[in-house]
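Colleague: Got a structure here, written out as structure tokens. Questions coming.
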Amino acid sequence: MDARAALRRRVAAALAAAEPWMLARLRDLVEAESFSGHEQAAQAEMRLMLESLGFAVEEIPTDLAAIKSSPLYSPSVEALHGCHNLLGRLAGTPEGGRSLMISGHVDVVPTGPLDLWSRPPFETHVKDGWFYGRGAGDMKGGLVAALTGVKALLDAGYRPAAPLWFNTVAEEECTGNGALATVMHLQARGIRIDAMLDPEPFGESVMSGQVGTVWAQYHLTGRPAHAMEAQKGLNPIEAAMHVWRRLKEVEARWNPPHATHPLFGDHPHPLNFNLGRIHGGEWASSVPTTCRVDFRFGIYPGRDPAEAKREVEAAIRAAVAELPEPPRCTVGFEGFHAPGCVVDLEAPPLALLAQCHAEVNGGARPATFAATGTTDVRLFQLGAGIPSTCYGPRAQRIHALDECVELASMRRVALVYALFIADWCGVTAA
């Protein structure tokens, strides 16, 4: 048996033995509630995991004042409450060689009404090979799978022959400023990263690129009145609905067949305008005073988010001006200011990732996936020039009810990560 085959056999055996560890760590991490801005409990669990495997861990504060100068900064929407990133380097890995960073986020999105879940969202459970809980898919399952791959490699008696870094970040779900803080920290310290993998839940596919994402808000102020003389009032909720119809017309113009991008040529509707939140009114029998609409829209790679914002703001103001009596209107852009990016799948680390996937999956090459949402990959690729992509396990109902991740997929992903580290970083006998 050659050395490569022996390595795979030993790692696979170690991975099988590590399955109880993987399941226990996933349970600990998912049960650590970590909404954006409140990630401390999850980061505490991640520190324990990393240090138990021999990572030397430091904290990176998400200092907004220090990162606002970056063109990749997104206006913050949540107080961070002292949340920070973790950056771990596997102790004993030598300088030189080809370094690797595995990076992902620990924040999760709100649960929605609890009574609509089959079980409470942080009451984890396993059913038919799927692990359930808010954040299990997006993206704590991927983090634990990747780290289980590291554990299996170490337990099999191998150590990376180049620096191996593990990074977990805050506030990915609304700005990406956590990952931006990491990128700026790496640059300030002169730390070279030769490849970055993000274990987002894209079903064992390799991400070929992603759209840009922008968050926007419009706030309309009308004139309140009693419902019995509603004609004397000016209803901002009705005005907001008119504005949204005009924004959906912008969405239609930005999508096929009117506009296409090579990366999304087969996708019928890659750029989504999503009305995520609406708040207005005080009383059913009163014409409301104000209405605020929060929405998200996508843009193609290569388009400047600032230019897209100007077009969207102009459309909002034009729609308001169409009304017989326009309400007062303010427009804001708090949250994602995220350009899209295209991934070079022929770059050496990404070509190697595809080979490792094929080795684990009977020779089948991985599917490629152009994401119609954003990930932290843009910060590492655009902000630091690091070849980067997403590769993570199968998940269902992310950002929805009864979110879950497939355990068999986590095992396959863990093995791919272990083999990739061995091939990319090289290994020495422990």
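Here, each number is a calculation from the coordinates, and none is a lab measurement. The model shown is predicted, which means the values in this text are computed figures rather than measured ones. A quick note on method: Cβ atoms are made from the backbone with ideal geometry, for glycine too, and the neighbour counts reach across all protein chains shown.
Colleague: How many lysine pairs does the chain hold where the Cα atoms are under 22 Å apart and the two sit 8 or more places apart or on different chains?
Modeller: Lysine pairs satisfying the spacing and distance rule in the chain number 4.
Colleague: Suppose every K and R has +1 on its Cβ and every D and E has -1 on its Cβ; what is the size of the dipole of the chain about the Cα centre, in Debye to the nearest 20? Write down the numbers at each step before the final one.
Modeller: Numbers: 38 positive and 48 negative charges, 100 e Å.
In total the dipole reaches around 480 debye.
Colleague: Something else about it: Suppose we keep just the DSSP beta bridges with both residues in the stretch 212-338; what percent of those would be antiparallel, to 5? Walk me through the numbers on the way to the answer.
Modeller: Working: 27 of 27 bridges.
Taking every DSSP beta bridge with both residues in the stretch 212-338, the antiparallel ones total about 100 percent.
Colleague: Which of rounded, prolate or oblate describes the stretch 280-328 when judged by the alpha-carbon gyration tensor and an a/c cut-off of 1.5?
Modeller: Details: a/c = 4.61, a/b = 2.03, b/c = 2.27.
The shape class here is oblate.
Colleague: Say each of VAL126 and ARG277 gets a label point 7 Å from the Cα, pointing the same way as Cα to Cβ; how far apart are those two points in nm?
Modeller: Here the answer is 3.6 nm between the modelled labels.
Colleague: Highest first, please rank the peptides 58-68, 133-143, 299-309 by the mean number of other Cβ atoms sitting within 10 Å of their residues.
Modeller: Numbers: 58-68: 14.6, 133-143: 29.5, 299-309: 17.5.
Result, highest mean Cβ count within 10 Å first: 133-143, 299-309, 58-68.
Colleague: Hey, if you put +1 on the Cβ of every Lys and Arg and -1 on every Asp and Glu Cβ in the chain, which of HIS269, GLY137, THR368 ends up farthest toward the positive end of that dipole?
Modeller: Final value for the positive-end residue is THR368.
Colleague: With +1 on each Lys and Arg Cβ and -1 on each Asp and Glu Cβ, and nothing else charged, work out how big the dipole of the stretch 1-57 is about its Cα centre, in Debye to the nearest 20.
Modeller: Details: 7 positive and 8 negative charges, 98 e Å.
So the magnitude is around 480 debye.
Colleague: So for the pair ALA400, GLU249, with labels modelled 7 Å out along Cα→Cβ, what separation do we get in nm?
Modeller: According to this spin-label approximation, the distance is 3.1 nm.
Colleague: Also: Once you list every other residue whose beta carbon is under 10 Å from the beta carbon of TRP21, what net charge do they have if Lys and Arg are +1 and Asp and Glu are -1? Can you show the working numbers first?
Modeller: Values: positive: ARG25, LYS151; negative: GLU19, ASP155.
Residues close to TRP21 contribute a combined charge of 0.
Colleague: Also: Tell me, ILE316, ILE278, ILE398 in order of fewest to most beta-carbon neighbours within 10 Å?
Modeller: Ranking ILE316, ILE278, ILE398 by Cβ neighbours within 10 Å, fewest first, gives ILE278, ILE398, ILE316.
Colleague: Where does the charge balance sit around LYS232 when Lys and Arg score +1, Asp and Glu -1, over other residues with C-beta under 14 Å from its C-beta? Before the final figure, lay out each step's value.
Modeller: Working: positive: ARG223; negative: GLU229, GLU325.
Local net charge: -1.
Colleague: What does the charge dipole of the stretch 1-151 about its Cα centre add up to, to the nearest 20 debye, if the Cβ of each Lys and Arg holds +1 and the Cβ of each Asp and Glu holds -1? List each step's numbers first, then the result.
Modeller: Numbers: 15 positive and 18 negative charges, 154 e Å.
In debye, rounded to 20, the stretch 1-151 gives about 740.
Colleague: I've got another one for you. Would you mind pulling out the separation of the Cα centroids of the stretch 133-157 and the stretch 363-379, in Å?
Modeller: Using only Cα atoms, the two centres lie 18 Å from each other.
Colleague: Can you work out the FRET efficiency for the pair ARG119 and GLU19, with r the C-beta to C-beta distance and R0 = 22 Å, to the nearest 0.05?
Modeller: On the way: r = 23 Å, r/R0 = 1.03.
After rounding to 0.05, the efficiency reads 0.45.
Colleague: Then there is this: What does the charge count near VAL11 come to, summing +1 for each Lys or Arg and -1 for each Asp or Glu among other residues with Cβ under 15 Å from its Cβ?
Modeller: Details: positive: ARG4, ARG8, ARG9, ARG10, LYS151, ARG159, ARG411, ARG412; negative: ASP2, GLU19, ASP155, GLU359, ASP423.
With Lys, Arg at +1 and Asp, Glu at -1, the net is +3.
Colleague: Using 0.36 nm per residue, how much length does the chain from GLN187 to ALA66 gain when fully extended, once their Cα-Cα distance is taken away? It would help to have the intermediate numbers written out before the result.
Modeller: Details: separation 121, 0.36 × 121 = 43.56 nm, distance 1.29 nm.
Using 0.36 nm per residue and subtracting the Cα-Cα distance, I get 42.3 nm.
Colleague: Name the residue, out of GLY233, GLY97, GLY178, whose mean-square fluctuation peaks in a Gaussian network model built on the chain with Cα pairs under 10 Å.
Modeller: Evaluated over the chain, the most mobile residue of the options is GLY233.
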